[in-house]
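Q: To start, I am sharing the structure in question, which I have written as structure tokens.
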Amino acid sequence: MGFLDRIFGRSTPSSANMAKERLQLVLAHDRTDISPETLNVLKDEIVNVISKHVEIDREHVEVTFSRAAHINRLVANIPVIRPRPPRAKPSPRGTRTAQTSKS
Amino acid sequence: MASLLPEDTMGGQVITITSGKGGVGKTTATANLGVALARRGQRVVCVDADIGLRNLDVVLGLENRIVYDLVDVIEGHAKLRQALIKDKRLPELQLLPAAQKRDKTAVTDKQMIKLCDDLKREFDFVLIDSPAGIEGGFKYSIAPSDQVIVIVTPEVSSVRDADRVIGLVEAQEKPTPKLVINRMRPSMVKRGEMLATADVLEILAVELLGIVPEDEAIITSTNKGHPVALEDHSPAGVAFTRIAKRMMGEDVPFQVPEDSEGLLDRFSRLFRR
């Protein structure tokens with residue numbers, strides 16, 4: 001079941017994972033008074049910025065607030081798959097040196 | 001001996017069992033921890049702080065012996081000695097019942113602290129069964145406590161409320177509460193259908209005191225007023241005993257409770273494929 005789905009990339013998150021994600025989001029709000037919507041937007045924007053530079057596993061990004069005595073900490077856990085090539089479009093070897101020499 | 005409470009205190013420790021959400025097993029946990037500690041020779045008093053919704057007496061099976069209650073003691077109508085009920089099965093265990101015909105405004109934080117100071121002198125453990133919620137009843141239950149135990153079930157509503165309660169306890173400058181995860185169902189965790197211990201601990205960021213598996217014996221034992229921790233054959237009873245040992249400072253390793261999934265379930269799952 002879950003195992004095969006994962007192999008073929010049909011990821012249906014388990015209900016336990018959904019519970020965890022939903023809790024992390026709602027508790028971030030409870031702890032800080034930042035609304036879940038704002039937090040979702042924040043999460044998306046962080047993901048987008050990071051994605052420009054490195055390829056990340058979007059499914060497993062966690063953005064939470066951790067509770068501590070005097071300070072709430074924004075914690076982003078972002079699994080990196082690999083750095084992006086310097087240019088989005090595939091190009092022949094030597095592009096990189098060409099680019100740097102241009103600047 | 002090292003105990004749940006690091007600092008030295010005059011006499012016993014006051015431990016409040018709370019949860020925020022109702023119905024997660026505060027009263028069951030209080031009764032069984034009281035029984036398990038008393039079986040190990042500790043002098044224990046279980047205090048029912050749920051005024052107006054008295055239940056610890058029936059869970060312990062002591063409901064027929066109540067004469068005076070907590071409010072009678074606080075208001076000076078009865079002496080502590082008159083209100084305390086001795087458990088005939090366990091000489092070390094006593095109950096201070098809640099008043100049933102009153103409400104939570106009958107008790108203040110200060111009165112509760114005074115009461116617990118008196119109880120501490122005669123008992124090793126004063127276990128307070130807190131009412132659900134975060135209002136007055138919760139507050140006077142927390143006020144005298146040296147350590148708070150938060151009971152949580154592996155469900156979103158319970159975990160969320162536990163987080164709120166942990167924050168409120170910390171705001172009172174009490175030590176960070178310790179966590180008991182109750183009604184765990186290992187087979188569901190294995191299938192990814194229930195939050196695992198690690199998930200709950202990661203989310204709440206507190207220390208684990210114990211894991212209690214879902215167990216039908218809790219229902220039958222409550223039917224009879226005979227807490228599971230009086231014997232050693234039920235999974236929940238064993239789990240509560242392990243927690244009691246930790247409360248006494250013993251180093252008991254954590255174990256994920258035995259898979260409650262029976263042989264029949266496994267067979268039926270085999271054929272469903």
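The values are calculated or read from the model by the stated rules, or taken from the named source; none is laboratory data. This structure is a prediction, so every number in the text was calculated from the model and none was measured. Note: ideal-geometry Cβ built from the backbone for every residue, glycine included; neighbour counts use all protein chains shown.
Q: Which members of segment B:214-231 meet the condition of being among the charged types (D, E, K, R) and under 25 Å from B:A196 (Cα atoms)?
A: Within segment B:214-231, B:E214, B:D215, B:E216 qualify.
Q: Continuing with this model, one more query. Filtering segment A:6-16 down to residues that are within 14 Å of chain B (Cβ to nearest Cβ) and loosely packed, with under 13 Cβ neighbours inside 10 Å, which residue is modelled with the highest pLDDT?
A: Restricting to residues being within 14 Å of chain B (Cβ to nearest Cβ) and loosely packed, with under 13 Cβ neighbours inside 10 Å, the top hit is A:T12.
Q: Further question on the same structure: Taking only segment A:25-45 into account, find how many residues are in contact with a helix residue (DSSP H, G or I) (Cβ under 8 Å, 6 or more places away or on another chain) and either surrounded by 13 or more Cβ atoms within 10 Å (Cβ to Cβ) or part of a helix (DSSP H, G or I) (or both). Please lay out each step first, then the result.
A: Keep residues of segment A:25-45 that are in contact with a helix residue (DSSP H, G or I) (Cβ under 8 Å, 6 or more places away or on another chain), which gives A:25-31, A:34-36, A:39-40.
Remaining after also requiring either surrounded by 13 or more Cβ atoms within 10 Å (Cβ to Cβ) or part of a helix (DSSP H, G or I) (or both): A:25-31, A:34, A:36, A:39-40.
Residues that pass the stated criteria total 11.
Q: Here's a follow-up. Inspect all residues belonging to segment B:47-61 and state whether any of them is farther than 28 Å from B:V212 by Cβ and surrounded by 19 or more Cβ atoms within 10 Å (Cβ to Cβ).
A: Looking for residues that are farther than 28 Å from B:V212 by Cβ and surrounded by 19 or more Cβ atoms within 10 Å (Cβ to Cβ), one finds none in segment B:47-61, hence no.
Q: Separate question: Would you say A:A19 is at pLDDT below 70 and hydrophobic (A, V, I, L, M, F, W, C)?
A: no
Q: Also: Under 6 Å by Cβ, and 6 or more places apart or on different chains, what pairs join a residue from segment B:66-88 that is crowded, with 19+ Cβ neighbours inside 10 Å with one that is basic (K, R) and outside any helix (DSSP H, G or I)?
A: As it stands, the answer is B:V71/B:R102, since those pairs meet every condition given.
Q: Of B:V156, B:V165, B:V150, which residue is among the β-branched types (V, I, T) and under 18 Å from B:Q13 (Cα atoms)?
A: On the way: B:V156 fails: under 18 Å from B:Q13 (Cα atoms); B:V165 fails: under 18 Å from B:Q13 (Cα atoms).
Within the list B:V156, B:V165, B:V150, the selection yields B:V150.
Q: Can you tell me which residue among B:L95, B:L90, B:L115 is modelled with pLDDT of 95 or more, out of contact with any Asp or Glu (no Cβ under 7 Å at 6 or more places or on another chain) and under 14 Å from B:V47 (Cα atoms)?
A: Result of the check over B:L95, B:L90, B:L115: B:L115.
Q: Can you find, within segment B:185-210, the residue that is nearest to the chain's Cα centre (by Cα) among those that are part of a strand (DSSP E or B) and either within 12 Å of chain A (Cβ to nearest Cβ) or surrounded by fewer than 22 Cβ atoms within 10 Å (Cβ to Cβ) (or both)? Spell out how you get there, then give the answer.
A: Going through segment B:185-210, the residues part of a strand (DSSP E or B) turn out to be B:207-210.
Checking which are either within 12 Å of chain A (Cβ to nearest Cβ) or surrounded by fewer than 22 Cβ atoms within 10 Å (Cβ to Cβ) (or both) leaves us with B:207-209.
Working: B:E207: 16, B:L208: 14, B:L209: 11 Å.
Taking the candidates together, the pick is B:L209.
Q: Touching a Ser or Thr at 6+ places or on another chain (Cβ under 9 Å) and free of Cβ contacts under 8 Å to residues at least 60 places away in the same chain: does that describe B:G192?
A: Answer is yes for this residue.
Q: Scan A:V54, A:V61 and give me the residue that is within 12 Å of the chain's Cα centre (by Cα) and modelled with pLDDT of 90 or more.
A: Sole residue among the options that is within 12 Å of the chain's Cα centre (by Cα) and modelled with pLDDT of 90 or more: A:V54.
Q: I've got another one for you. Return only the number of the condition from (1) within 14 Å of another protein chain (Cβ to nearest Cβ); (2) at pLDDT below 85 that A:E37 does not satisfy.
A: Checking A:E37 against (1) within 14 Å of another protein chain (Cβ to nearest Cβ); (2) at pLDDT below 85, the one that fails is (1).
Q: May I pose another question? Which condition breaks for B:A229 when tested against (1) in contact with a Phe, Trp or Tyr (Cβ under 7 Å, 6 or more places away or on another chain); (2) in a loop (DSSP other than H, G, I, E, B)?
A: Unmet for B:A229, out of (1) in contact with a Phe, Trp or Tyr (Cβ under 7 Å, 6 or more places away or on another chain); (2) in a loop (DSSP other than H, G, I, E, B): (2).
Q: When only residues in segment B:144-183 that are charged (D, E, K, R), in a loop (DSSP other than H, G, I, E, B) and over 16 Å from the mean Cα position of the chain (by Cα) count, which is nearest to the other protein chains (Cβ to nearest Cβ)?
A: B:E155
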